[in-house]
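Student: Take a look at this one; I'll ask things after.
The values are calculated or read from the model by the stated rules, or taken from the named source; none is laboratory data. Bear in mind the structure is a predicted one, so any value in this text is a computation, not a measurement. All Cβ positions, glycine included, derive from the backbone under ideal geometry; neighbour counts span all protein chains shown.
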Amino acid sequence: MQDILRKLHELLARHRKLQDDVDLENILEILDQTSVWIAGVDPSSFDFKNPVYEQDLLKKLDLPFWPDLLTDNEGNPFFAAFTAPEKAPGKLVEPFKWIEIPFLKLCYFAAHTGITTEVILDPFTDCLQLPVSLVLQYSEQYAKAHPDLA
């Protein structure tokens, strides 16, 4: 797993500098076998639009907390996924709980929240924004591998 993460970090850094499509293709091939780190908060501390649905989704996916939403410069929410905890700035590390989950599981969660399907990988360093179509594709891939979610 460490070799996969090291390769992913190298490809992300290179893609950020060069915007190379070959690097992007290689990144996308690795993501489906990668786990990411997400920060989260207790779901009872938020006023969800549909709390029953959100709680059910957390239970279905066995997530102990609601993955934290960040906002981009235009105020649009996204789910932040980090390839390593040290990729997150210090101000995010302390107040949150952290877990490592399969990247595809995060995509499934994002696709089913009804809030946003935006996922950004390492938003403060390499900043790879995944197209919504890709998040949905990964979500479907996760669902196929986990028929008990239906």
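Student: Just need a number here: residues in the range 26-75 that are at pLDDT 75 or above, part of a helix (DSSP H, G or I) and small (Gly, Ala, Ser).
Tutor: Here the count works out to 0.
Student: If I ask for residues that are without any contact (Cβ under 8 Å) to a residue 24 or more places away in the chain and either among the polar types (S, T, N, Q) or in contact with an Asp or Glu (Cβ under 6 Å, 6 or more places away or on another chain) (or both), which ones from the range 1-42 would you list?
Tutor: Result: Gln2, Leu11, Arg14, Gln19, Asn26.
Student: So, of the residues in the range 112-150 that are farther than 19 Å from Pro85 by Cα and among the aromatic types (Phe, Trp, Tyr), which turns out to be farthest from the chain's Cα centre (by Cα)?
Tutor: Top of the filtered list is Tyr142.
Student: Just checking, does the range 120-136 include any residue being at pLDDT below 90 and under 14 Å from Leu61 (Cβ atoms)?
Tutor: No, because not a single residue in the range 120-136 is at pLDDT below 90 and under 14 Å from Leu61 (Cβ atoms).
Student: Any chance you could count how many residues in the range 93-150 are without any contact (Cβ under 8 Å) to a residue 60 or more places away in the chain, acidic (Asp, Glu) and under 19 Å from Asp72 (Cβ atoms)?
Tutor: Of the residues in that region, 1 qualify.
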